[in-house]
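Engineer: Have a look at the structure that comes next, please.
What follows is calculated from the coordinates using simple rules that are stated; it is not laboratory data. Computed from a predicted model, the values in this text were never measured in an experiment. Backbone-built Cβ (ideal geometry, glycine too); neighbour counts: all protein chains shown.
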Amino acid sequence: MNENHFPGGVWPVMLAPFAEDGKIDYRALGELVEWYIKNGSSGLFAVCQSTEMFCLTLEERVEYARFVKEKAAGRVPVIASGHISDSFEKQAEEICAVADTGVDAVILITNRLAKETESDEVWQQALDRLLEAVPQDIKLGFYECPYPYKRVLSPQLLRKCAETGRFYFLKDTCCDLEMIRKKLEAVRGTNMKLYNANTATLLESLLLGASGYSGVMANMQCSLYAALCADPDGERMRELADALTICALIERQVYPVNAKYYLQREGLPITTVTRVRDASLLDATARSEVEMLRRITEKLADFIK
């Protein structure tokens with residue numbers, strides 16, 4: 001396995017552009033892929049929560065993943081999830097269908113393998129069964145998706161998974177630097193790489209050995225995160241990380257509508273239509289916050305040149 005197949009850096013959790021009729025707008029999606037790559041993405045995480053995967057049919061998830069993989073055309077690797085069902089049989093079907101698109105890895109949602117009240121033992125049994133049901137040549141990863149509940153993997157459980165040799169990617173959402181340190185120790189010497197989704201702990205996690213960032217702010221400040229990941233030891237990176245952490249508070253606003261508006265202001269032909277939030281919630285004040293973020297982003301780009 002070529003280590004560079006899953007390079008360090010920024011892996012945006014991709015948005016799904018929708019036309020006014022609610023269908024996926026593939027013309028806009030093509031331009032979005034180009035925007036990510038132009039702004040320094042090392043890889044693309046297609047079909048995730050930011051893609052509104054819980055509101056997409058399996059057919060839509062598969063077609064989205066296939067389109068992104070083809071559009072990337074080998075310039076950056078592409079991973080995808082779409083592993084959203086409750087039943088074992090449907091989960092296995094989803095994994096195989098997404099893998100058939102040619103993506104570089106299929107990402108499993110950690111909360112799909114056990115109920116919130118169930119133990120790690122139950123979770124491990126479900127994973128073992130799933131690993132037996134899907135072809136061994138499918139490269140896999142994990143995403144600690146917050147919806148419908150967040151299931152964070154313990155370092156011990158993560159080590160067991162990493163030792164199978166089948167897992168290459170972890171989108172970590174624990175937001176706890178000490179836990180991240182333990183997870184990095186747990187996966188050392190395996191194929192598994194950790195990508196932090198949390199800006200506040202990002203710089204320190206990179207210095208500890210995390211491979212990069214895979215979070216929602218790459219949908220707005222992608223190039224800045226690329227700079228931070230490329231040289232976390234660099235001069236002024238602490239100041240950049242501090243500024244990005246404050247900027248990331250906008251995640252708590254009308255996301256992903258605000259991110260689509262940001263990209264619209266960047267010149268992309270993307271609407272603010274989503275299937276998870278009412279676009280009208282992005283009122284005048286929320287729009288002004290996005291405009292402020294764009295101005296700050298421009299100044300930070302000049303700041304680190």
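Engineer: For the stretch 84-125, list residues with backbone N below 18 Å from a point placed 7 Å from the Cα of Phe54 toward its Cβ?
Structural biologist: 84-88, 91, 107-118
Engineer: Apply the a/c threshold of 1.5 to the C-alpha gyration tensor of the stretch 3-303 and tell me whether it is rounded, prolate or oblate. Don't skip to the end; give the middle numbers.
Structural biologist: Numbers: a/c = 1.65, a/b = 1.22, b/c = 1.35.
Taking the square roots of the gyration eigenvalues as a ≥ b ≥ c, the stretch 3-303 is oblate.
Engineer: Would you list which lysines come within 28 Å of Lys299, measuring only between C-alpha atoms, while excluding same-chain residues fewer than 8 positions from it?
Structural biologist: Excluding near neighbours in sequence, the set is Lys38, Lys260.
Engineer: Compute the length gained on full extension between Arg265 and Thr164: take 0.36 nm times their separation in residues and subtract their Cα-Cα distance, giving the result in nm to one decimal.
Structural biologist: Once the chain is fully extended between Arg265 and Thr164, it gains 31.9 nm.
Engineer: In the stretch 209-231, which residues have a backbone nitrogen under 17 Å from the label point lying 7 Å from Cys175's Cα in the Cα-to-Cβ direction?
Structural biologist: 214-218
Engineer: Now a separate question. Please say if the stretch 35-141 is rounded, prolate or oblate, where rounded means a/c under 1.5 for a ≥ b ≥ c the square roots of the C-alpha gyration tensor eigenvalues, and otherwise the choice is prolate for a/b larger than b/c and oblate otherwise? Before the final figure, lay out the partial values.
Structural biologist: Values: a/c = 1.96, a/b = 1.84, b/c = 1.06.
Because a/c hits 1.5 or more and a/b exceeds b/c, the stretch 35-141 counts as prolate.
Engineer: Another question, if that's okay. Straight-line reach from Lys193: which lysines have a Cα under 21 Å away, not including same-chain ones fewer than 8 places off?
Structural biologist: Straight-distance partners of Lys193: Lys69, Lys139, Lys150, Lys160, Lys171, Lys182, Lys183.
Engineer: Follow-up. How do the peptides 43-49, 80-86 rank, highest first, by the average count of neighbouring beta carbon atoms within 10 Å per residue?
Structural biologist: On the way: 43-49: 27.7, 80-86: 22.9.
With the highest mean Cβ count within 10 Å placed first, the list reads 43-49, 80-86.
Engineer: Okay, helix-only estimate at 222 nm for the chain: each DSSP H run of n ≥ 4 adds -39500 (n - 2.57), divide by all residues, round to 500 deg cm²/dmol; what do you get?
Structural biologist: Theoretical 222 nm ellipticity from helices: -13000 deg cm²/dmol.
Engineer: Any chance you could run the full-extension gain for Asp86 through Arg252? It's 0.36 nm times the residue separation minus the Cα-Cα distance, nm to one decimal.
Structural biologist: The span from Asp86 to Arg252 would gain 57.0 nm if fully extended.
Engineer: Nearest 5 is fine: what % of DSSP beta bridges in the stretch 3-303 come out antiparallel, could you say?
Structural biologist: Counting DSSP beta bridges with both partners in the stretch 3-303, the antiparallel share is about 5 percent.
Engineer: Which shape class applies to the stretch 157-271: rounded if a/c is under 1.5, otherwise prolate when a/b exceeds b/c and oblate if not, where a ≥ b ≥ c are the square roots of the Cα gyration tensor eigenvalues?
Structural biologist: Here the stretch 157-271 falls in the prolate category.
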